[in-house]
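Participant: My structure is below; once you've seen it, I'll send some questions.
The values are calculated or read from the model by the stated rules, or taken from the named source; none is laboratory data. These numbers come from a predicted model, not from an experiment. Don't worry about glycine lacking a Cβ; one is built from the backbone with ideal geometry, like all the others, and counts go over all protein chains shown.
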């Protein structure tokens, strides 16, 4: 009977059944490649690298602006140490001179000149792309070239975008001038300034540069340095053309002769 005390139960232990499925080597390699690609794209590192790239480009524009202004003002007997040149000012002038240089290259070479700005920015994009890829795992050359083209095109569009604002500002000024005077400025506006000095002398000419401390105004072949607080003439600089034997003395063009006015 089942209630008997010494009834035994037999238990047999067997090995568990395991089923193995052959691996798809092709799908597994594609999965690993996709995982590597996803791992390679780091949003934080990409943002830092883009910021670093734009800072480098900004520094180049600032240095270009400073060198251009230093060489330009040197021709009028003005040293950059006399001026209060801010970083935005240098950046604006650096951008302006760079854009003007690229446009001059287009006019200089009529056929292929239009491709020069694109080629330059694609080269910059290629350098940035290859440097970015070098910080990660390797990628095919085809992908690098495509990325270089996209980055270069984006940089070119970003570089050209401010020109639209400049053109709009110039156009608004010309329309305002035409509305006030009734004269259409077909070739732009040329401002002419007049300053009354502390000696009641009126100086009418073109302002070379002005900051919070001084104003430099050119009247024919003379540049006057005017103190903004008192309108006192602090210096007169006579500009003369160089003689052949005097050329090549200074890399910035040399300083013109100047006479102090007490």
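Participant: Which of the residues belonging to segment 171-183 are within 34 Å of the chain's Cα centre (by Cα) and loosely packed, with under 11 Cβ neighbours inside 10 Å?
Facilitator: First, pick out the residues of segment 171-183 that are within 34 Å of the chain's Cα centre (by Cα): 171-178.
Result: 171, 172.
Participant: Any residue in segment 182-196 that is closer than 30 Å to residue 43 by Cα and either part of a strand (DSSP E or B) or not assigned by TED's automatic domain parsing to the domain that holds residue 231 (or both)?
Facilitator: Here is the first cut: in segment 182-196, the residues closer than 30 Å to residue 43 by Cα are none.
No, the conditions are met nowhere in segment 182-196.
Participant: Which residue out of 99, 76 is within 22 Å of residue 153 (Cβ to Cβ) and in contact (Cβ under 8 Å) with a residue 40 or more places away in the chain? Step through it out loud before you land on a result.
Facilitator: Numbers: 76 fails: within 22 Å of residue 153 (Cβ to Cβ).
When all the criteria are applied, what remains is 99.
Participant: Any chance you could count how many residues in segment 192-222 are closer than 25 Å to residue 89 by Cα and surrounded by 11 or more Cβ atoms within 10 Å (Cβ to Cβ)? Spell out the reasoning first.
Facilitator: So in segment 192-222, the residues closer than 25 Å to residue 89 by Cα come out as 192-195, 205-219.
Keeping just the survivors that are surrounded by 11 or more Cβ atoms within 10 Å (Cβ to Cβ) gives 193, 195, 205-211, 213-219.
Residues meeting the conditions: 16.
Participant: When residue 77 is evaluated against the numbered criteria (1) touching a helix residue (DSSP H, G or I) at 6+ places or on another chain (Cβ under 9 Å); (2) crowded, with 17+ Cβ neighbours inside 10 Å; (3) under 28 Å from residue 236 (Cβ atoms), which criterion, by number, is the only one it fails?
Facilitator: Result: residue 77 passes all but (1).
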